[in-house]
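Q: Following this message is one structure expressed as structure tokens.
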Amino acid sequence: MSLKPLEFDRRYGELDHVFRAYAGQLAHDTPELPSAALTAYLRHTWHSRPWALSVAEQQLREYAEHPPGRLRIRLGEFYPLPDTGVPDPEVGEWLLVVAGHIRRAVEEGEVPPPSPLPATHWEWHARFPELGQFLGGWFSQDMPDEFADHDTAIADYAATTDRTLVARLVGELRELLALALDETDYVVGTAELGMEVEPPEPHTTSTWLTHAADRLTRNG
């Protein structure tokens, strides 16, 4: 039988967050330097959930030093580590390297400074979770088959989503626009967040994001 949610979170919840940060990234961590994936995790988590770093360090170290035995594997009561490209015999050592970087971040303040531009797919979604839901859910490649135009899709989101989440989305849109990124970065960012259709003419990506925020604010 698989672990119940409370037990899973107690043993592996933050470890799972760490592994999600490696999706599509290489686990090139060394004792001297963290990988891009771990750097993104440290940067975002330190500035949003600093208490979670000590939990991650403990869970990583526990898994490395006490991997699941045969009984827990047979019962399914363990966390199956995703494939990060690290050879199986080296996974335990790599987990300890990652745990070491997290411990130094907590104890010595070795934390990546804030960055205007998220560096990985995970970091985009960690920083802008509701924008990811909005773009990935309403502006995928199926959008032209489901809605007459972009404004109809925006109106549908506003009509079917809790007002608290709509307000959160407006805040994330304003935050993203306040970063004053290059237009190319806005194109990359919205693609990372799930947008698979072009903005309607005559909009650029950034002007359409402004338009979407204004429409959602008026609908409120």
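The values are calculated or read from the model by the stated rules, or taken from the named source; none is laboratory data. What you are looking at is a predicted structure, and each value in this text was computed from that prediction instead of being measured. Neighbour counts run over all protein chains shown; Cβ positions are idealised from the backbone, glycine included. All accessible areas refer to the heavy atoms of the entire protein, side chains included, with ligands and DNA or RNA removed. Shrake-Rupley method; radii C 1.70, N 1.55, O 1.52, S 1.80 Å.
Q: Check whether at least one residue in region 47-55 is surrounded by fewer than 21 Cβ atoms within 10 Å (Cβ to Cβ) and within 13 Å of V97 (Cβ to Cβ), and report yes or no.
A: Looking through region 47-55, none of the residues is surrounded by fewer than 21 Cβ atoms within 10 Å (Cβ to Cβ) and within 13 Å of V97 (Cβ to Cβ).
Q: So, in region 77-100, of the ones that are modelled with pLDDT of 95 or more and open to solvent by 50 Å² or more (accessible area, probe 1.4 Å), which residue ends up nearest to G136 (Cα to Cα)?
A: Checking each candidate, the answer is L96.
Q: Of all residues in region 107-121, how many are open to solvent by less than 70 Å² (accessible area, probe 1.4 Å) and either at pLDDT 90 or above or β-branched (V, I, T) (or both)?
A: 5
Q: Going through D182, D156, D142 one at a time, which residue ends up being touching a residue at least 12 places away in the same chain (Cβ under 8 Å) and open to solvent by 30 Å² or more (accessible area, probe 1.4 Å)?
A: D156
Q: Answer yes or no: is there a residue in region 164-175 that is surrounded by 13 or more Cβ atoms within 10 Å (Cβ to Cβ) and touching a residue at least 60 places away in the same chain (Cβ under 8 Å).
A: no
Q: Anything in region 173-220 that is over 19 Å from H125 (Cβ atoms) and in contact with a Pro (Cβ under 6 Å, 6 or more places away or on another chain)? List them, or say none.
A: W208
Q: From the list R103, R70, R61, R74, which one is modelled with pLDDT of 95 or more, of a type in the set (K, R) and under 25 Å from P5 (Cα atoms)?
A: So the residue among R103, R70, R61, R74 that is modelled with pLDDT of 95 or more, of a type in the set (K, R) and under 25 Å from P5 (Cα atoms) is R61.
Q: Residues of region 23-41 being open to solvent by less than 10 Å² (accessible area, probe 1.4 Å) and either within 14 Å of the chain's Cα centre (by Cα) or of a type in the set (A, V, I, L, M) (or both), which ones?
A: Scanning region 23-41 gives A37, L38, A40, Y41.
Q: Taking the conditions exactly as written (of a type outside the set (A, V, I, L, M, F, W, C), closer than 26 Å to Q58 by Cβ and free of Cβ contacts under 8 Å to residues at least 12 places away in the same chain), does P80 satisfy them or not?
A: yes
A quick yes/no check of all residues on (1) over 25 Å from W124 (Cβ atoms); (2) of a type outside the set (G, A, S); (3) out of contact with any helix residue (DSSP H, G or I) (no Cβ under 9 Å at 6 or more places or on another chain); (4) touching a residue at least 40 places away in the same chain (Cβ under 8 Å):
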site	(1), (2), (3), (4)
F8	yes, yes, no, yes
W46	no, yes, no, yes
L60	no, yes, no, yes
A64	yes, no, no, no
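Q: Moving to a separate point now. Being open to solvent by less than 90 Å² (accessible area, probe 1.4 Å) and farther than 23 Å from G85 by Cβ is the filter here; which residues of region 10-22 pass it?
A: Result: R11, G13.
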